[in-house]
Amino acid sequence: MQTKTLLMIPGPIEFEPDVMQALSTPTTSHVAPEFIEIFGQALERMRELFMCPDGQPFVIAGSGTLAMDLAGANLIEPDDRALVVNTGYFGDRFGALLARYGAQVTHVRAPVGGCPSLEEVEKALQGGPFKLVTVTHVDTSTGVLTDVQGLAALARRYETLLVVDGVCSVAGEALRMAEWGIDVALTASQKAVGTPPGLALLVAGPRAIATFRARKRPVGNFYADWAHWLPIMEAYEARRPAYFGTPAVNLVAALNVSLEIILAEGLEARWARHARIGEAFQAAIQALGLGQVPLQAAWAAHTMSAPRYPAGVDGTEFLHRVRQTGVTLAGGLHPQIRAEYFRIGHMGSVGLSELLATVGAVEAGLAGCGHRFEIGAGVRAAMQAYLS
Ligand code: PMP
């Protein structure tokens, strides 16, 4: 068994050596001039990553769920109505979170692997008004990619805020916050952004900030309250020291390097690379005779895949065998189908070598579990799609 494995799960991902090096540089004071400069740069780069020149970036120690919590805590007041466009586990989570802050939550759901149509969402909006709509750009439990641009246009027509959970999409799937009219987009460091786990990342557009400022009641969450963090983010960006809670100094330094790498590649080029790799994975999965959780090919994400096990293949044994070849994949997450599928994360600095190593490992796992297919069919399909 190999001890070093290629980590191909939907987060955390494999990180760039330069990012890991930044993480391991000696920790400075959080108000040291060199750190203020790093944090200020990272905030400027956040605006570029989210394509939101007039947005307010927040970089706060915590996981992606904290980023969701920031949106819920600061925008919801008791009895506000919220609409959740639900494509899986993380839609359920957003609904539960908003309800905790007193929202009356309506879900627009689809069958597992499906995606509510814009018409269905519009019908739900007609039963409004809703203060906000949330959508999971890529639900990591199903691998379903939603039409965020279309939903943003609807949100503008119905004058409701749109909050995008981009934890499994930002820096991997196309997302243009200002141009599309998104009010809040959020992610976590450990996915396509390419920084080890531990940072909640969020950008709030002008309408979201105005909604926050117009609150009648104080935010019911001390740590997440934008009233505490706004002056801190503004200060660092203006290269001034400030303190509310100690920032994750090393992670912020690592994030700044990740953002530099992402922006040097260019967002369009990065999205196109993820699309190319994602489509090659889809082609390989199909060639191996496996189904997928997304019910339509157009709904399959480019940052991850969710293949179904073929009949007779046991998931625990399959994942173990794959790991023995030196690749780590993830099991199922959606409670209704947990044992029926597995998940491959393909985001960050993924390229041809990760694609082929992973498809090869999947073939080895399937063959070891007795699935009958032509050895090499997946690798060939992946290569053909990659080169086409
Ligand atoms: N939303 C989505 C779409 C996610 O994939 C995840 C993490 N898998 C989260 C939210 C929550 O992020 P975290 O685990 O970092 O709290």
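The values are calculated or read from the model by the stated rules, or taken from the named source; none is laboratory data. These numbers were taken from a predicted model, which means no experiment stands behind them. Cβ: placed from backbone, ideal geometry, glycine included. Neighbour counts: every protein chain shown. Just so you know, the surface numbers come from the protein's heavy atoms only, side chains and all, with ligands and any DNA or RNA stripped out. Shrake-Rupley method; radii C 1.70, N 1.55, O 1.52, S 1.80 Å.
Between the listed residues Tyr243, Ile76, Gln56, the Cα displaced farthest toward the positive end of the dipole of the stretch 17-265, a dipole computed from Cβ unit charges relative to the Cα centre, is found at Ile76. Using a Debye calculation, one point per C-alpha and no hydration shell, please list log10 I(q)/I(0) for the chain at q = 0.07, 0.11, 0.14 Å⁻¹ in order. Debye output, listed in q order: -0.31, -0.77, -1.18.
For the stretch 315-384, the set of chymotrypsin sites (Phe, Trp or Tyr not before Pro) satisfying both a DSSP loop assignment and a count of at most 13 other C-beta atoms within 10 Å is empty. Charge tally around Ala67: other residues with Cβ under 15 Å, Lys/Arg +1 each, Asp/Glu -1 each, net -2.
Under the combined filter of DSSP loop state and at most 13 neighbouring Cβ atoms within 10 Å, the stretch 195-233 retains these trypsin sites (Lys or Arg not before Pro): Lys216. The region of the chain that goes longest without hitting one of the GluC sites (Glu not before Pro) in a DSSP loop, each with at most 12 other Cβ atoms within 10 Å, is 160-373. Put a plus charge on the Cβ of each Lys and Arg, a minus charge on the Cβ of each Asp and Glu, and nothing anywhere else: the dipole of the chain about its Cα centre is then about 500 debye. Here the stretch 116-187 is assigned +1 on the Cβ of each Lys and Arg and -1 on the Cβ of each Asp and Glu. Its dipole about the Cα centre then comes out at about 180 debye. The largest accessible area among Thr65, Thr246, Thr328 belongs to the first residue in Thr246, Thr65, Thr328, and the rest follow in falling order (1.4 Å probe, all chains). Surface composition of the stretch 327-388: carbon and sulfur atoms hold 55% of the protein heavy-atom accessible area at a 1.4 Å probe.
For Lys216, a cut-off of 28 angstrom between C-alpha atoms picks up these lysines, skipping any fewer than 8 places away in its own chain: Lys131. Over the chain, dividing the summed -39,500 (n - 2.57) contributions of all DSSP H runs of at least 4 residues by the number of residues returns a 222 nm mean residue ellipticity of -13500 deg cm²/dmol.
When the alpha-carbon atoms of the stretch 76-189 are used, the pair Rg, Dmax equals 12.7, 36 angstrom. The residue list Gly326, Pro307, Ala272 was ranked by how far each Cα lies along the charge dipole of the stretch 266-387 toward its positive end, using unit charges on Cβ atoms, and Ala272 comes out on top.
Toward the positive end of the charge dipole of the chain, with +1 on the Cβ of Lys and Arg and -1 on the Cβ of Asp and Glu, the farthest Cα among Leu199, Leu98, Val170 is that of Leu98.
Rolling a 1.4 angstrom probe over the protein heavy atoms with all chains in place gives the chain an accessible area of 39 Å² per residue.
The 1.4 Å probe gives accessible areas that order Thr134, Thr211, largest first, as Thr211, Thr134. Taking a ≥ b ≥ c as the square roots of the eigenvalues of the alpha carbon gyration tensor, the stretch 139-221 is oblate, as a/c is not under 1.5 and a/b does not beat b/c. In terms of its C-alpha gyration tensor, the stretch 281-388 comes out rounded, because the ratio a/c of the largest to the smallest axis stays below 1.5. Electrostatic tally near Gly114: other residues with Cβ closer than 12 Å to its Cβ, Lys and Arg +1, Asp and Glu -1, net -1. Here's how it looks for Gln104: its modeled amide H is under 5 Å from those of Asp79, Asp80, Arg81, Ala82, which are all 5 or more places away or on a different chain. Loop-resident trypsin sites (Lys or Arg not before Pro) (DSSP state other than H, G, I, E or B) in the stretch 341-385 with no more than 11 further Cβ atoms inside 10 Å of their Cβ: Arg372.
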